[in-house]
1. Which count do you get for residues in segment 11-27 that are open to solvent by 40 Å² or more (accessible area, probe 1.4 Å) and at pLDDT 95 or above?
2. Tell me which residues, restricted to segment 182-212, are away from the ligand (no atom under 11 Å from the Cβ) and either crowded, with 18+ Cβ neighbours inside 10 Å or polar (S, T, N, Q) (or both).
3. Within segment 62-77, can you find the residues that are of a type outside the set (S, T, N, Q) and either over 14 Å from Asn110 (Cα atoms) or within 12 Å of the ligand (Cβ to nearest atom) (or both)?
4. Out of Arg142, Arg121, Arg165, Arg92, report the one residue that is part of a helix (DSSP H, G or I) and buried (at least 24 other Cβ atoms within 10 Å of the Cβ).
5. Give the residue that is surrounded by the fewest Cβ atoms within 10 Å (Cβ to Cβ), with candidates limited to residues of segment 63-77 that are out of contact with any strand residue (DSSP E or B) (no Cβ under 7 Å at 6 or more places or on another chain) and more than 16 Å from Asp112 (Cα to Cα).
6. Inside segment 213-250, can you point out the residues that are touching a strand residue (DSSP E or B) at 6+ places or on another chain (Cβ under 6 Å) and either within 16 Å of the ligand (Cβ to nearest atom) or open to solvent by 50 Å² or more (accessible area, probe 1.4 Å) (or both)?
7. Taking the criterion of being under 19 Å from Gly124 (Cα atoms) and not in a helix (DSSP H, G or I), would at least one residue in segment 250-266 satisfy it?
8. Filter segment 142-171 down to residues that are among the hydrophobic types (A, V, I, L, M, F, W, C) and free of Cβ contacts under 8 Å to residues at least 24 places away in the same chain, then give me how many there are.
Amino acid sequence: MADSPFGVPPAALRTVLLGHPLGHSISPAMQGAAFDHLGLAATYTLRDVPPESLAEAVATLRGPEFLGANVTVPYKEAVMPHLDEIVPLAERVGAVNTIVKSGGVLRGENTDVGGFLWPLRAGGADFATWRAVILGAGGAARAVAVALLEAGVAGLTIANRTPERARRLADALDDPRVTPLALDDPWLGGALTGAGLLVDATAAGWHAGEPILAPDLLERLPAHALVYDLTYRQTPLLRAAAARGLATVDGLPMLVEQGALALEHWTGREAPREVMWAAAVAARDARQ
Ligand code: NAP
């Protein structure tokens, strides 16, 4: 077998997802399909890392067989001090979701930002005309907020169940366009009235039941508003928004694009997005 351009036999190339606890993930199927399509005999596996082993898990990535890794909850921030370099975008987000090994150096990237923006750009979004509302203030909300501010939105409301967390995120973003609120703040209705985009960046979409936004609040969105849920399946919020006639996007395009960007960092090759999309849809549907 010929050597790979990465200096080790291609069958030995590895990528992993670091997180804890790790349940089901679509990424191994999606990245595996992409590696196969590109003729790279590389693997993408899950590595459940208890907190006391994070430093050791990152050190393992320095082995010659590793191209890099993805990072998920709860390590997107905690992994940063263990890396050699952090790109400016990941510094601004304050989170790394992709580690790239390049010339022996471990570099922290954030592909959630590009992944989130992809379906909006593909749909021809005119960001400067939008006021946006984000529900949630965790790691994903942070990437979404940086993405929307850099894309040039006119205003951004961040509403979170724990209002202190929304305030902390607004402080960190330090941008006059940002307003933090509690999820049950009466001002949220006003923010929704003027919003062109509502993003659900909470984990609520994984649970069946009532939409995260009460029907009277959903009614406040203008008819041209887009409702974007980062959960990569139909959620009660998306169903309610579609029933109201609003345009909707779920989290699968974001998941595929953040994975495609990660693969391009690892391999230097153009990601086969259609192959990754098909594998992601099949893996998601097999789970439902
Ligand atoms: P996280 O850091 O743990 O934050 C979770 C957020 O959800 C917090 O704001 C939390 O509010 C809120 N939340 C959880 N349950 C809630 C409920 N029942 N009602 C209201 N708020 C609730 O997680 P994360 O990394 O930001 O991820 C958030 C979601 O984004 C997850 O569903 C994840 O799957 C999704 N995601 C998708 C992609 C993609 O590619 N499509 C990428 C990244 C993340 P409190 O602060 O009050 O606890």
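The values are calculated or read from the model by the stated rules, or taken from the named source; none is laboratory data. For clarity, every value in this text was computed on a predicted model and none was experimentally measured. FYI the Cβ positions are ideal-geometry reconstructions off the backbone, even for glycines, and counts take in every protein chain you see. Note: areas computed on protein heavy atoms with side chains; ligands, DNA, RNA excluded. Shrake-Rupley method; radii C 1.70, N 1.55, O 1.52, S 1.80 Å.
1. 2
2. Selection gives Leu188, Ala191, Leu192, Thr193, Ala195, Gly196, Leu197, Leu198.
3. Scanning segment 62-77 gives Arg62, Gly63, Pro64, Glu65, Phe66, Leu67, Val71, Val73, Pro74, Tyr75, Lys76, Glu77.
4. Only one candidate passes the filter, namely Arg142.
5. My answer is Gly63.
6. Selection gives Leu226, Val227, Tyr228, Asp229, Thr235, Leu237, Leu238, Ala242, Ala247, Thr248, Val249, Asp250.
7. yes
8. So the count comes out to 1.
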